[in-house]
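The values are calculated or read from the model by the stated rules, or taken from the named source; none is laboratory data. Bear in mind the structure is a predicted one, so any value in this text is a computation, not a measurement. With ideal geometry, Cβ positions are generated from the backbone for all residues, glycine too; neighbour counts draw on all protein chains shown. All accessible areas refer to the heavy atoms of the entire protein, side chains included, with ligands and DNA or RNA removed. Shrake-Rupley method; radii C 1.70, N 1.55, O 1.52, S 1.80 Å.
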Amino acid sequence: MKPALKPRLQLLASALSLLALLAAGFVVWFYFQMRGSLPPLDGTVSLPGLTAPVTIERDAQGTPTLRGTDRRDVARALGFAHAQDRFFQMDLLRRSAAGELSALFGKVALEADRLNRPHDFRALAQKVLAAATPAQRALLEAYAMGVNDGLRSLAKKPFEYYVVRGEPQPWLPEDSILVIYAMALDLQDAWGNYEHTLSTLTDVFGTGVLDFFAPLQTPTDAALDGSTAPLAPIPNERLIDIRPLNTAATRAAPEPDSMRAWARPGPLLASTRSALGPDLVRTLSRPDPDLRPGSNAFALGGEHTRNGAGLLASDPHLNLRVPNVWYRAVMEWREGDQTRRLVGATLPGMPYLVIGSNGHVAWALTNSYVDTGDLVAVDVNTISRDFYRAPGHDELLEFENRRHVIQVKGGDEVVVEKQWSVFGPIVGTNAKERPLAWHWTLHDPAAVNLEFAQLEAAENAEQAVNIARRSGIPPHNVVVADAAGQIAWTIVGRLPKRVGLDGRLPVSWLFGDRRWEGLLPPEEVPVVFSNGGRIWSGNQRMVGGPALALLGDGNYDTAPRAAQIRDRLATLENAAPQDLLAIQLDDRALFMERWQKLLVSTLSDSVVAQKKSRAKLRELAQQWSGRADIDSVSYRLARAFRTEVHGLVFPAIFAVCLERQEDFDWRSFNREGALWQMIEQKPAHLLNPQFTRWEDLLVAAADAVVEKIDDEGVALARATWGQRNTARIRHPLAAALPGWLTGWLNLPADPLPGDSHMPRVQSPNFGASMRLVVSPGHEDEGLFHMPGGASGHPLSPFYQAGHEAWVKGEPASLLPGPAVHTLTLQP
């Protein structure tokens with residue numbers, strides 16, 4: 001070794017040793033900060049203002065049971081527990097709804113805040129709070145006090161704030177209402193994209209194509225009233241002919257398994273994505289557009305159950321992450337001479353039971369996809385487009401530019417401006433360049449209220465239905481079952497009362513003959529009782545006829561999942577909770593059977609003879625398992641084939657629409673029936689110009705299945721569904737920490753059965769955010785699953801508690817086990 005080299009190596013070794021020492025020091029420091037933010041679980045905490053002591057008992061999974069003598073005291077205790085276990089999650093919810101993420105995350109969250117701030121939901125939340133009854137405000141105030149008490153009970157601030165280098169801010173009563181608006185952003189079309197897409201379709205091709213490509217009703221629907229409609233015929237070449245477009249028509253075609261620009265994420269998801277970077281996009285994105293916010297909820301009347309009471313099942317389908325969106329709890333308090341007990345799922349940020357049972361009535365929610373907003377074609381002045389006409393105004397009105405100032409951590413304030421009319425914000429233009437205003441119920445403070453909390457006191461299904469119909473949350477289907485055996489369905493949430501229009505396409509409201517007359521009176525909201533003792537909801541269209549006219553079209557989900565639930569329910573008698581859990585876990589691929597048969601028939605002997613890889617594809621496709629189980633190769637192949645066919649057919653047809661509207665979302669259409677008609681009838685004027693025959697398109701789709709699996713480096717025979725559908729349930733901050741620190745933040749990478757179009761909805765990071773089955777009055781027989789555990793703290797023993805039962809589908813009790821920790825809150 002050269003003499004001059006030795007000192008350099010010694011210096012390098014010393015530097016590396018110092019870096020290693022610093023890294024070790026950081027790990028030790030960070031670990032102790034995290035340990036300090038673990039909540040106290042035992043002992044006594046003084047909370048001045050309580051009317052009497054409240055106990056928080058936690059079982060071996062960390063599920064809390066809160067017992068007090070007053071409803072407000074219990075609300076305060078729930079806020080305390082929520083803050084102990086989930087404060088950062090709550091903070092993200094309120095900030096995303098208010099458009100205030102940038103104040104915590106900096107400029108990386110600006111895109112999300114620019115999208116959400118113009119709704120001005122914080123100001124709306126303040127108006128809703130002011131309009132609440134004194135009792136309702138008192139409950140939110142007690143809950144907010146409890147949240148802040150729980151935050152102060154931690155020796156250190158929640159560990160997430162060390163990662164983002166921020167400080168937790170106190171919880172306000174209005175923040176709980178912001179959580180309601182966050183639900184709306186995640187579950188509803190907040191800017192009218194679906195209606196805009198339908199409008200672009202009709203602008204380009206005329207209204208004659210609408211019922212074919214985007215039908216509101218089909219022959220295979222699973223509505224409660226049995227309503228269906230025949231398929232519309234294929235539009236002729238005078239309406240649509242893509243042959244002259246040549247191969248340029250396909251230049252916008254996406255990778256079939258990619259969302260890309262075809263389906264814009266919900267603002268709540270988008271806001272979290274923007275805040276935490278591209279790794280979080282992979283964590284939370286839904287790569288399959290068939291998977292969108294929804295749920296299963298179904299019930300059996302007492303005539304079909306073992307104990308004679310109604311039996312209810314609920315499994316909301318949402319993005320999966322840790323911590324879970326839900327927080328299981330039991331709440332008990334005295335009311336007069338009786339004890340109230342609520343059992344089920346709460347949403348951190350709110351003091352109510354969202355899904356569960358009060359002992360008399362159980363209720364479950366699914367996203368309703370009813371139409372809560374309309375695009376209005378605004379009549380602008382021909383001389384100056386700064387002015388427009390509106391009904392009831394003789395003079396021209398000037399568009400209002402609303403300014404919003406966004407605080408950005410580490411940067412300058414950002415001003416966002418949005419143009420508004422009396423109808424709502426301007427969101428785009430139509431083919432005639434007329435501005436389109438978005439008239440949405442959620443921009444009306446009267447559409448949100450706190451009546452939903454009254455469900456906890458409902459004593460039968462009829463009372464529950466009446467409470468639901470006057471409640472103000474983002475509209476959901478609500479399925480209820482009571483202890484006497486009655487079941488029912490209705491819509492919970494306020495709806496618009498339309499006059500002179502159905503709301504599917506933008507129209508002018510200038511002459512007053514097409515308008516809203518406020519909100520639909522609660523007594524006019526459709527309701528179905530009993531229905532032969534069986535009710536089901538899978539986000540499909542629930543009713544037809546005049547009831548459907550009231551609800552409108554907010555882009556209902558397709559029917560196969562709901563139909564599969566309906567048909568399984570029809571076989572049940574003397575049913576117990578395990579029978580409904582079996583439906584929740586049903587991964588039979590009834591919908592995909594037709595595609596498997598088409599794949600096999602496409603791979604004829606002559607086609608197979610032309611390419612060696614096709615023989616193996618046909619051999620494996622023929623080994624049909626009939627389920628989306630983790631060991632099935634044939635299911636994965638059939639599913640991939642369907643995806644490729646859709647990707648080769650529709651972007652070519654809608655190329656002009658995609659050029660006209662950047663976020664034209666053809667994947668939102670109920671398009672399966674249209675595609676099968678085209679496959680069977682082979683219309684030349686709708687064939688992708690890349691191909692001369694429909695048969696060639698199908699063969700190309702089959703070849704693409706093999707090529708893409710080969711690109712993954714996976715042998716076709718080993719390409720199981722479980723190999724593709726492997727859990728990626730991650731903590732949002734995993735993207736912000738070194739890889740060697742994040743392994744314990746994320747949940748195990750388990751292969752998962754299930755998929756879209758079946759009851760067991762499942763993708764790597766989307767699916768059943770919980771499974772609950774309960775019969776009111778028989779909660780001790782109830783079942784509950786949840787991915788992830790009660791605590792959002794990775795050092796807590798409750799961080800993954802119960803997760804394995806969710807993965808394996810093993811029956812697990814709804815009620816908590818014996819208490820292993822008891823914390824007493826003293827006045």
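Before moving on, here are some points about what is shown:
- Residues of the stretch 804-827 classified as open to solvent by less than 10 Å² (accessible area, probe 1.4 Å) and outside any loop (DSSP other than H, G, I, E, B), total: 3
- Those residues of the stretch 188-220 which are open to solvent by 30 Å² or more (accessible area, probe 1.4 Å) and aliphatic (A, V, I, L, M), in sequence order: V204, L216
- Conditions (1) surrounded by 13 or more Cβ atoms within 10 Å (Cβ to Cβ); (2) in contact with a Gly (Cβ under 9 Å, 6 or more places away or on another chain): number failed by F399: (2)
- Among (1) closer than 29 Å to D175 by Cβ; (2) open to solvent by 10 Å² or more (accessible area, probe 1.4 Å) - the single one T429 does not satisfy: (1)
- Apart from one condition, P521 fits all of (1) over 20 Å from T366 (Cβ atoms); (2) without any contact (Cβ under 8 Å) to a residue 12 or more places away in the chain; the exception is (2).
- Any hit, the stretch 674-693, residues being part of a loop (DSSP other than H, G, I, E, B) and crowded, with 19+ Cβ neighbours inside 10 Å: yes
- Checked against (1) within 31 Å of the chain's Cα centre (by Cα); (2) in a loop (DSSP other than H, G, I, E, B), V705 meets all criteria but (2).
- Selection of the stretch 694-714 for residues being within 25 Å of S625 (Cα to Cα) and either in contact with a Gly (Cβ under 8 Å, 6 or more places away or on another chain) or crowded, with 21+ Cβ neighbours inside 10 Å (or both) yields L698, A701, A702, V705, I709.
- Those residues of the stretch 548-567 which are on the phi < 0 side of the Ramachandran plot and either among the polar types (S, T, N, Q) or touching a strand residue (DSSP E or B) at 6+ places or on another chain (Cβ under 9 Å) (or both), in sequence order: A549, L550, L551, G554, D557, T558, R561, A562, A563, Q564, I565, R566
- Set V527, V478: member being under 23 Å from the mean Cα position of the chain (by Cα) and aliphatic (A, V, I, L, M): V478
- Scanning the stretch 367-382 for residues that are closer than 30 Å to P293 by Cα and open to solvent by 20 Å² or more (accessible area, probe 1.4 Å) yields a count of 1.
- Note on the stretch 195-217: residues that are in contact with a Phe, Trp or Tyr (Cβ under 6 Å, 6 or more places away or on another chain) and part of a helix (DSSP H, G or I) total 3.
- Reported count of residues in the stretch 614-654, each being open to solvent by 40 Å² or more (accessible area, probe 1.4 Å) and either among the polar types (S, T, N, Q) or more than 34 Å from the chain's Cα centre (by Cα) (or both), is 7.
- Matching residues, the stretch 129-143, being among the hydrophobic types (A, V, I, L, M, F, W, C) and surrounded by fewer than 22 Cβ atoms within 10 Å (Cβ to Cβ): L129, A130, A131, A132, A135, A138
- The helices (runs of 4 or more DSSP H) falling completely within the stretch 510-611 that include 3 or more residues that are modelled with pLDDT of 95 or more and buried (at least 19 other Cβ atoms within 10 Å of the Cβ) map to 545-551, 560-569, 577-584, 593-602.
- Residue, most open to solvent (accessible area, probe 1.4 Å), within the stretch 461-485, restricted to residues that are in contact (Cβ under 8 Å) with a residue 24 or more places away in the chain and small (G, A, S): A484
- Residue list for the stretch 96-128, restricted to those being open to solvent by 30 Å² or more (accessible area, probe 1.4 Å) and out of contact with any Leu (no Cβ under 8 Å at 6 or more places or on another chain): E100, A103, K107, E111, R114, L115, R117, D120, A123, Q126, K127
- Across the stretch 219-233, the number of residues qualifying as closer than 21 Å to N296 by Cβ and of a type outside the set (S, T, N, Q) comes to 6.
- For the stretch 771-787, the criterion of a residue being open to solvent by 10 Å² or more (accessible area, probe 1.4 Å), touching a helix residue (DSSP H, G or I) at 6+ places or on another chain (Cβ under 8 Å), assigned to a loop (DSSP other than H, G, I, E, B) and touching a residue at least 12 places away in the same chain (Cβ under 8 Å) is satisfied by at least one position.
- Test for A97: is it on the phi < 0 side of the Ramachandran plot and out of contact with any Gly (no Cβ under 8 Å at 6 or more places or on another chain): yes
- Among all positions in the stretch 154-161, there is no residue which is at pLDDT 95 or above, open to solvent by 20 Å² or more (accessible area, probe 1.4 Å) and closer than 27 Å to Y556 by Cα.
Residues checked against (1) touching a residue at least 12 places away in the same chain (Cβ under 8 Å); (2) closer than 26 Å to V370 by Cα; (3) part of a loop (DSSP other than H, G, I, E, B):
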{"residue": "M145", "(1), (2), (3)": "yes, no, no"}
{"residue": "K157", "(1), (2), (3)": "yes, no, yes"}
{"residue": "G166", "(1), (2), (3)": "yes, no, yes"}
{"residue": "I180", "(1), (2), (3)": "yes, yes, no"}
{"residue": "A184", "(1), (2), (3)": "yes, yes, no"}
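- Applying the set (1) free of Cβ contacts under 8 Å to residues at least 60 places away in the same chain; (2) loosely packed, with under 15 Cβ neighbours inside 10 Å; (3) among the small types (G, A, S) to A717 leaves exactly one unmet item: (1).
- Put simply, of R385, R328, R340 the only residue that is in a strand (DSSP E or B) and surrounded by fewer than 23 Cβ atoms within 10 Å (Cβ to Cβ) is R340.
- Taking the stretch 673-720 as the range and being more than 30 Å from E237 (Cβ to Cβ) and β-branched (V, I, T) as the test, the residues that pass are V705, V706, I709, V714, T720.
- Breaking point among (1) open to solvent by 20 Å² or more (accessible area, probe 1.4 Å); (2) small (G, A, S); (3) out of contact with any His (no Cβ under 9 Å at 6 or more places or on another chain), for A488: (1)
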